[in-house]
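Since the structure comes first, as structure tokens, the remarks are kept for the end.
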Amino acid sequence: MADTAIRTRTQKPVPAKGRAGKAGRLPRAAVHHPWWFALPAIVVFAAFFLVPNLLNFYYPFTNWSSYHPDIAFTGLDNFTTIAQDGSLLRAIRTTLLYALLAAVFQNGFGLGLALLLEADTRFNRFFRAVFFLPVLISALATGYVFQSLFNQDGAVNGLLGTDIPWLGSTTWTLFLVTVVHGWKWMGLSMLIYLAGLKGIPGEMLEAAKCDGAGPWRTFWSVRWPMLAPALTFNVTTALIGSMNTFDIVQATTGGGPAGSTEVFNIYMFRIFGQGLYAQASAMSLVLFLVVVAVAIPLVIGLRRREQLL
Amino acid sequence: MLLAGLAVGVPLWLVAVTSAKPQAEAITPNLDLPRHWQPGSNYEEAVSQGEMLHGFLNSLLVVVPSVALVLILGAGAAWVFARRKSKLVAAAYALCISGLLLPPAVITVVMELRQLGLAGTRPGMIAVYTGMYLSTSVFFMTGFIRAIPVELEEAARMDGASPLRIFRQIILPLLRPVIATATIMVMLYAWSDVFYAFFVLGGGDRATLPLNLYKVASAQLYLNNWHLVFAYVVVMSLPMVAIFLVAQRKIVSGITSGAVK
């Protein structure tokens, strides 16, 4: 409908006033919304985002490093190196696990808070702001705060009277760091879920009440399906965003213990610091491919789910 | 609710009390009140030793132009993307918001900046941030502009207004809520970023606040200076908190209209 309306409008003659005579030969859109408004953005984005990503398909196959003044093509050498020393598979596994857990915690905490604070009272408004505070604190700072909390002689052990090396386990530390990630970003998820909850028409909830649905039933049959767009946005941004994680991990564990929390970006940071640019770039290419492999099915799947609900 | 409150309260409390403690008390960070209050001298030490003022200025010089560019360029592009209908426009839009999903190629961007002579410079950093965060603002703004009736523009056009005038006097003012959202989002990311700043700016005299915090905290191993680390954390966070408090309403409405359509 809207589409045809626009097309019929385009066919109407341009009012012959002022410069319109000259513009009459151009399509109206070109006159009213000229490309040059979009061009600067496209140029900057292409130059500093797309081009580096394209270059990233070349430099991993070279010997570019701080030790080689000339860059030469070396084929798959960098990839075999990172595959053989075990860092490739470990980084993929760690990053995917991190992203999955971080998304679960961020959304779990966020949805829980949104449901708790749904009613629009002064008390709730205050606490919404409080739970948004961690979003405003930088991830690096958040990491340091939790490092001092979970330190063996830190505040958590002091509070509980225990002596647990919270950040010293090769299995559980990753888990703990993703909880911190969830803590930092739960406020943003909460806000988006709150927006979704606000979008549910009041009549729908009343109708459910009249039909005798309890709070639990109302949640699963009315609220949850209506939250689908919010869930799509939150899960996508949380999953994809946390695959790019760096600050929280660097500040809490630095990738340790024994490399058990070394996600892609920590690896790149470490290897780049050693001057092995091409190798770091190889890892960056793998990250790119992993993100694409996760993002495309995820977005398609969640969109389809929205339409089904 | 109590548990949730504790989860946010305890870490914040820790930051507040530790940043006011003398070094001897802060070595083992705990939740006690300082026996000896000395917030003043801690912040002073952070300013002198941690080059806090310098870092603050450096952060401002990079973040403010980045945000301005992201908003101006993003709004222009969003207007075209929202209003024009063709395959080419759809493709350009898809490309421009691909940055929402795709990770920036941080290593090769350094390579490119070196060739352009922009490595380690503020313009280089601004270019990288702008390229990275344009997607966010284009995405939010395009969604927002689609909801603005075209009739408003048509009325102005009847009166003979040029595209530039329509953009400035009709579109930009209406975009205010989403501009607030994009500002805080981009500012938040750029203000706290340490990863890309490390690659592009490195240490040195152009280091931003997060880079300085990283330096101070890395020295932590030998110096046990939690009191300085947390003084830094407070100073870094306050501007963001202040901006959020001022623009809270608009941010919420902007996020609402952009994310959950």
**Request:** Would you tally the residues in the range B:11-48 being part of a helix (DSSP H, G or I), within 13 Å of chain A (Cβ to nearest Cβ) and open to solvent by 40 Å² or more (accessible area, probe 1.4 Å)?
**Result:** 3
**Request:** Kindly check whether there is at least one residue in the range A:295-304 that is surrounded by fewer than 22 Cβ atoms within 10 Å (Cβ to Cβ), over 18 Å from the mean Cα position of the chain (by Cα) and over 30 Å from A:TYR67 (Cβ atoms).
**Result:** yes
**Every residue from the range B:49-93 that is away from chain A (no Cβ under 12 Å) and out of contact with any helix residue (DSSP H, G or I) (no Cβ under 8 Å at 6 or more places or on another chain)** = B:LEU57, B:LEU60, B:VAL64, B:ALA68, B:LYS87, B:ALA90
**Within the range A:261-294, tally of residues that are of a type outside the set (S, T, N, Q), more than 8 Å from chain B (Cβ to nearest Cβ), open to solvent by 30 Å² or more (accessible area, probe 1.4 Å) and without any contact (Cβ under 8 Å) to a residue 40 or more places away in the chain** = 4
**Message:** It is to be established whether one or more residues within the range A:49-64 are more than 10 Å from chain B (Cβ to nearest Cβ) and within 26 Å of the chain's Cα centre (by Cα).
**Reply:** no
**Search result, residues across the range B:178-219 that are farther than 27 Å from B:HIS54 by Cα and open to solvent by 30 Å² or more (accessible area, probe 1.4 Å)** = B:ILE179
**Asked** Is it true that some residue in the range A:115-128 is in contact (Cβ under 8 Å) with a residue 12 or more places away in the chain, more than 10 Å from every other protein chain (Cβ to nearest Cβ) and either open to solvent by 50 Å² or more (accessible area, probe 1.4 Å) or in a helix (DSSP H, G or I) (or both)?
**Response** yes
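Restricting attention to the range B:101-115, report how many residues are within 25 Å of the chain's Cα centre (by Cα) and part of a helix (DSSP H, G or I).
To start, the set of residues in the range B:101-115 that are within 25 Å of the chain's Cα centre (by Cα) comprises B:101-114.
Right, trim to part of a helix (DSSP H, G or I) and you get B:106-114.
So the answer is 9.
Please pick out the residue among A:LEU287, A:LEU309 that is touching a Pro at 6+ places or on another chain (Cβ under 6 Å), within 21 Å of A:ASN107 (Cβ to Cβ) and not β-branched (Val, Ile, Thr). Write out each step before concluding.
On the way: A:LEU287 fails: within 21 Å of A:ASN107 (Cβ to Cβ).
Result of the check over A:LEU287, A:LEU309: A:LEU309.
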**Message:** List the residue pairs whose Cβ atoms are under 7 Å apart, where the first residue sits in the range B:46-58 and is closer than 12 Å to B:VAL229 by Cα, the second is surrounded by fewer than 19 Cβ atoms within 10 Å (Cβ to Cβ), and the two are 6 or more positions apart or on different chains.
**Reply:** B:VAL47/B:LEU53
**Request:** Kindly list the number of the only condition in (1) under 17 Å from the mean Cα position of the chain (by Cα); (2) within 25 Å of A:LEU188 (Cα to Cα) that fails for B:LEU175.
**Result:** (1)
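For (1) open to solvent by less than 20 Å² (accessible area, probe 1.4 Å); (2) at positive phi, each residue gets a yes or a no:
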| site | (1), (2) |
| --- | --- |
| A:LEU174 | yes, no |
| A:SER189 | yes, no |
| A:GLY212 | no, yes |
| A:ARG223 | no, no |
| A:THR237 | no, no |
**Message:** Quick test for you: out of B:LEU134, B:LEU164, B:LEU172, B:LEU152, pick the one residue that is closer than 26 Å to A:PRO34 by Cβ, within 11 Å of chain A (Cβ to nearest Cβ), open to solvent by 20 Å² or more (accessible area, probe 1.4 Å) and assigned to a helix (DSSP H, G or I).
**Reply:** B:LEU164
**Request:** Working carefully through the options A:ALA207, A:ALA258, find the one that is assigned to a loop (DSSP other than H, G, I, E, B), of a type in the set (A, V, I, L, M, F, W, C) and open to solvent by 20 Å² or more (accessible area, probe 1.4 Å).
**Result:** A:ALA258
**Looking only at the range A:136-167, and only at residues there that are within 9 Å of another protein chain (Cβ to nearest Cβ), in a loop (DSSP other than H, G, I, E, B) and under 15 Å from B:ILE27 (Cα atoms), the one that is most open to solvent (accessible area, probe 1.4 Å)** = A:ASP153
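The values are calculated or read from the model by the stated rules, or taken from the named source; none is laboratory data. All values reported here derive from a predicted model rather than from experimental measurement. Methodologically, a virtual Cβ is constructed for each residue, glycine included, from the backbone with ideal geometry; neighbour enumeration extends over all protein chains shown. The protein model used for the area step is the full one, side chains on, heavy atoms only, and it has no ligands, DNA or RNA in it. Shrake-Rupley method; radii C 1.70, N 1.55, O 1.52, S 1.80 Å.
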